[in-house]
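Read through the structure below, which is laid out as structure tokens, and then see the notes.
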Amino acid sequence: MLTQPMIEESGAINNLAELIAHSEELGRTFRSRDIWWRGENANGWRLVPSTYRDGRDWNWEHSACTFFRLKAGTRYQKCPPHNGFAAWLFLMQHYRLPTRLLDWTESSLVAAFFAVEGVPEPQRDGVVWALNPLALNQRQIGLPRYLAPGHRLAAPLFLPAFIDAPQQARTVAIVPNEIDTRMLIQQSVFTIHGNTTPLEDLPDANVFLRK
């Protein structure tokens with residue numbers, strides 16, 4: 001039986017200088033300066049969006065998105081159009097509701113902050129993930145480019161969260177519409193996941209992902 005190789009780890013980071021050195025080395029490894037980062041304050045968590053955790057399923061996601069979209073108008077003054085599905089999902093993610101989006105940042109410093117912020121045990125390691133988004137999209141959809149939410153290969157991934165539409169079994173890197181200043185400050189970008197497979201378990205993950 002074939003098994004996926006373990007994701008390569010780039011070693012321990014103990015200070016800012018080492019973070020910068022690792023960032024430069026990953027640029028050479030990926031042969032690209034287009035790197036996205038994700039910091040988590042616990043090593044061992046899988047790269048799975050929150051809507052797929054804790055026993056949630058497609059019905060839960062659909063119900064949550066429907067409820068949020070119908071109630072938001074009395075609580076938020078700049079709601080997207082009713083059928084602006086991508087914008088609704090970004091808004092939900094902004095307010096920390098479980099979605100099929102996974103947060104990334106274009107800044108390794110922002111990722112490092114989230115890797116150490118709120119660590120429950122001083123001796124427990126956090127983790128910084130590095131993603132080559134162009135290589136991910138090349139492997140998943142055959143296009144080594146960033147996708148806008150409305151792209152023909154990205155838009156169908158948003159639909160099943162809101163309406164009865166076929167699930168698209170792929171994961172792509174997308175650049176979002178900035179709907180809030182916090183997204184600007186955090187240099188927010190996302191992967192959107194059409195299935196429950198962790199990012200590190202995708203085929204050829206070592207081509208586009210490091211830990």
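Computed quantities for the displayed model
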quantity	calculated
Residue in region 21-36 that is exposed (fewer than 15 other Cβ atoms within 10 Å of the Cβ), within 15 Å of the chain's Cα centre (by Cα) and not aliphatic (A, V, I, L, M) present	no
Subset of region 128-151 [of a type outside the set (Gly, Ala, Ser) and either part of a helix (DSSP H, G or I) or at pLDDT below 90 (or both)]	Pro133, Leu134, Leu136, Asn137, Gln138, Arg139, Gln140, Ile141
Qualifying residue in region 114-125 (condition: in contact with a helix residue (DSSP H, G or I) (Cβ under 8 Å, 6 or more places away or on another chain) and on the phi < 0 side of the Ramachandran plot)	no
Flag for Asp34 being within 19 Å of Lys211 (Cβ to Cβ), part of a strand (DSSP E or B), acidic (Asp, Glu) and in contact (Cβ under 8 Å) with a residue 60 or more places away in the chain	no
Unique match (being among the charged types (D, E, K, R) and over 28 Å from Ile179 (Cα atoms)) among Glu106, Glu25	Glu25
Some residue of region 181-194 being buried (at least 20 other Cβ atoms within 10 Å of the Cβ), out of contact with any His (no Cβ under 6 Å at 6 or more places or on another chain) and either part of a helix (DSSP H, G or I) or of a type in the set (A, V, I, L, M) (or both)	yes
Subset tally (residues that are surrounded by 19 or more Cβ atoms within 10 Å (Cβ to Cβ) and not hydrophobic (A, V, I, L, M, F, W, C)) for region 104-125	2
Which listed residue is surrounded by fewer than 18 Cβ atoms within 10 Å (Cβ to Cβ), at pLDDT 90 or above, of a type outside the set (S, T, N, Q) and assigned to a helix (DSSP H, G or I), from Leu70, Leu89	Leu70
Criterion: modelled with pLDDT under 95, within 21 Å of Leu26 (Cα to Cα) and not hydrophobic (A, V, I, L, M, F, W, C) - qualifying residue of Gln167, Gln187	Gln187
Extreme residue, farthest from the chain's Cα centre (by Cα), among residues of region 160-200 that are of a type in the set (D, E, K, R) and farther than 23 Å from Ala112 by Cα	Asp164
Long-range neighbours under 7 Å by Cβ, at least six apart or interchain, first residue among the β-branched types (Val, Ile, Thr) within region 8-29, second in a helix (DSSP H, G or I)	Ile13/Leu19; Ile13/His22
Residues of region 70-102 that turn out to be under 20 Å from Gly150 (Cα atoms) and either polar (S, T, N, Q) or in contact with a His (Cβ under 6 Å, 6 or more places away or on another chain) (or both), as a count	4
All positions within region 37-61 that are assigned to a helix (DSSP H, G or I) and among the small types (Gly, Ala, Ser)	Ser50
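The values are calculated or read from the model by the stated rules, or taken from the named source; none is laboratory data. Keep in mind it's a predicted model, so treat the numbers as computed, not measured. For neighbour counting, all protein chains shown are included, and Cβ atoms are generated from backbone atoms with ideal geometry for every residue, glycine included.
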